[in-house]
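Participant: Sharing a structure here in structure tokens format.
Here, each number is a calculation from the coordinates, and none is a lab measurement. Just so we're clear, the structure is a prediction, and the values are computed from it rather than from any experiment. Cβ: placed from backbone, ideal geometry, glycine included. Neighbour counts: every protein chain shown.
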Amino acid sequence: MKSNIIPAIKLTLVCLVLFSGIYTMSIWLVAQIAPNHGKGEIIAQNGKTYYTNVGQSFTDDNYFYSRPSAVKYNAAGSGGSNKGANNPDYLAEVQARIDTFLVHNPGIDKSEIPSDLVTASGSGLDPNISVQAAKVQVKRIANIRKLHETALSELITQQTEKPLLGLFGTEKINVLKLNLALDKLK
């Protein structure tokens, strides 16, 4: 028994030092090299501070809608709904989001609504929407803000983030940055 306990204690101590000390310190050092020292991208506008890497709720018709959140945009605990695609509650929730979107965006066909506007992400805190999700909202915002649709389309193009190295991921738009830029349009 003694031959098993001593190696187990040694392994525990080595893992404790390695994973609680050395690994944690190396991650912290890498974060200090990163922009904003690992605190994420922060934007200050009109006296308010925003974190662009955390999804935020935009449901006002004057703005581009953000992706729904299963955690009500609470960054303290991210997570999905964990409901399967055939769960009746989940299907009812998605249908309610579709119906709400169609009421606020007349003239849009149900088939034109991108899935990211009616389904929550796995973290519940996704700050991005697809380019199509932004484009499908242009008509509503142009009518409310009395802007030309071409100006909004140009804004979407300016705010579109390309895939990493042109290979990894898809084109996306940070909704917060898009809406802050929208407020700057006259």
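Participant: Give the share of C-alpha pairs in each 10 angstrom bin for the chain, from 0 to the last occupied bin, in whole percents, shortest bins first.
Facilitator: The calculated distribution, bin by bin, is 8, 27, 30, 17, 10, 6, 3, 1.
Participant: I need the phi-derived Karplus couplings for region 160-173: 6.51 cos²θ - 1.76 cosθ + 1.60, θ = phi - 60°, integer Hz, Gly and Pro marked x.
Facilitator: Per residue, the Karplus-derived 3J(HN,Hα) values read 6, 9, 7, x, 4, 6, x, 10, 9, x, 10, 5, 8, 9 Hz.
Participant: Shifting gears a bit: Which residues in region 110-137 have a backbone N closer than 13 Å to a point placed 7 Å from the Cα of His104 along the Cα-to-Cβ line?
Facilitator: 117-119, 134, 137
Participant: Show me 170-182, 145-157 ranked by packing, highest mean number of other Cβ atoms within 10 Å first.
Facilitator: For the peptides 170-182, 145-157, the packing ranking is 170-182, 145-157.
Participant: Could you work out the relative contact order of the chain? I mean the mean sequence separation of Cα pairs under 8 Å and 6+ apart, divided by the number of residues, in percent.
Facilitator: Over the chain, the number comes to 20 percent.
Participant: Pairs Lys110/Lys172; Lys39/Lys146; Lys48/Lys83: which are spaced more than 30 Å apart, C-alpha to C-alpha?
Facilitator: With Cα atoms farther than 30 Å apart: Lys39/Lys146; Lys48/Lys83.
Participant: Hey, another quick one. For Gln45 and Asp60 in one chain, what is 0.36 nm times their gap in residues minus the Cα-Cα distance, to one decimal in nm?
Facilitator: So the extension gain works out to 3.5 nm.
Participant: Ala85 versus Leu13, label points 7 Å from Cα toward the beta carbon: distance in nm?
Facilitator: Between Ala85 and Leu13, the simple spin-label model gives 5.2 nm.
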